[in-house]
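Just so you know, all these numbers are worked out from the coordinates, no wet-lab data involved. Just so it is clear, the model here is predicted, and its values are computed rather than measured. Neighbour counts run over all protein chains shown; Cβ positions are idealised from the backbone, glycine included.
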C-alpha cells in the first residue's frame with residue numbers, strides 16, 4: 001500500500017480532518033470529513049446521497065487524517081463500525097465465539113475473555129451482528 005497522504009485541514013478531537021462544503025438539496029454549507037469529500041469528488045458521488053444511504057468511507061490504513069484515495073473504501077455504516085479501531089472482535093474471533101457458545105461455554109465467560117459486553121457476544125452468536133460470517 002502506498003504511503004498515506006495527510007490532510008492539512010484542522011482536525012476533530014478524534015483525528016478526522018474537517019472540510020466546509022455546500023451539501024444537500026439546498027446547497028447549505030456544512031462540515032464533512034475531508035476523506036469523505038475526497039472520495040465523493042474522485043468518484044463523482046453526492047456527499048448528501050452517501051449520508052442518506054447510510055454509507056461511510058473507511059480508512060483501510062487506519063489513519064483518520066489520510067486522504068489517499070487508494071486507502072479509502074466505501075462501506076456500510078455497520079461494516080465501518082465492525083472494522084473500527086475500538087472493535088475487539090474480528091471474523092476469526094466471531095467464528096471461535098460461535099463454536100464455543102455452541103459447545104456450552106457461557107457467554108459471560110466469552111465476553112470476559114474478549115473484553116466485550118455479554119450483549120456483544122450474544123449478538124455475534126445469534127447473528128444479529130457479524131451476519132456475514134459463517
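Data overview
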{"read-out": "Mean residue ellipticity (222 nm) of the chain, computed from DSSP H runs ≥ 4 via -39,500 (n - 2.57), nearest 500", "value": "-11000 deg cm²/dmol"}
{"read-out": "Neighbour-count ranking [beta-carbon atoms within 10 angstrom, fewest first] of 7, 134, 77, 122", "value": "134, 77, 122, 7"}
{"read-out": "Among 62, 14, 37: highest mean-square fluctuation, GNM of the chain, C-alpha pairs under 10 Å", "value": "14"}
{"read-out": "Between region 35-103 and region 1-27, the alpha-carbon center distance in angstrom", "value": "16"}
{"read-out": "Among (i) 9.8; (ii) 10.5; (iii) 13.5, the entry derived from the coordinates for mean projected area of the Cα convex hull in nm²", "value": "(i)"}
{"read-out": "Degrees between helix 91-102 axis and first principal axis of the chain (Cα, 0 to 90, nearest 10)", "value": "30"}
{"read-out": "Highest-fluctuation residue, 67, 105, 121 considered, GNM on the chain with Cα pairs under 10 Å", "value": "105"}
{"read-out": "Most mobile listed residue (59, 42, 71) in the chain, GNM with C-alpha springs under 10 Å", "value": "42"}
{"read-out": "Cα-Cα separations in region 41-95 greater than 13 Å, expressed as whole percent", "value": "65"}
{"read-out": "Residues residue 22 and residue 2, FRET efficiency given R0 of 41 Å [Cβ-Cβ distance, rounded to 0.05]", "value": "0.85"}
{"read-out": "Extension reserve of the residue 132-residue 102 stretch, reckoned as 0.36 nm per residue once the Cα distance is removed", "value": "9.0 nm"}
{"read-out": "Projected-area average for region 83-128 over all orientations - Cα convex hull basis, square nanometres", "value": "2.9"}
{"read-out": "Stretchable slack from residue 12 to residue 29, in nm (0.36 nm times residue separation minus alpha-carbon distance)", "value": "4.3 nm"}
{"read-out": "Calculated FRET efficiency for the pair residue 62/residue 119, C-beta based, R₀ 22 Å, to 0.05", "value": "0.30"}
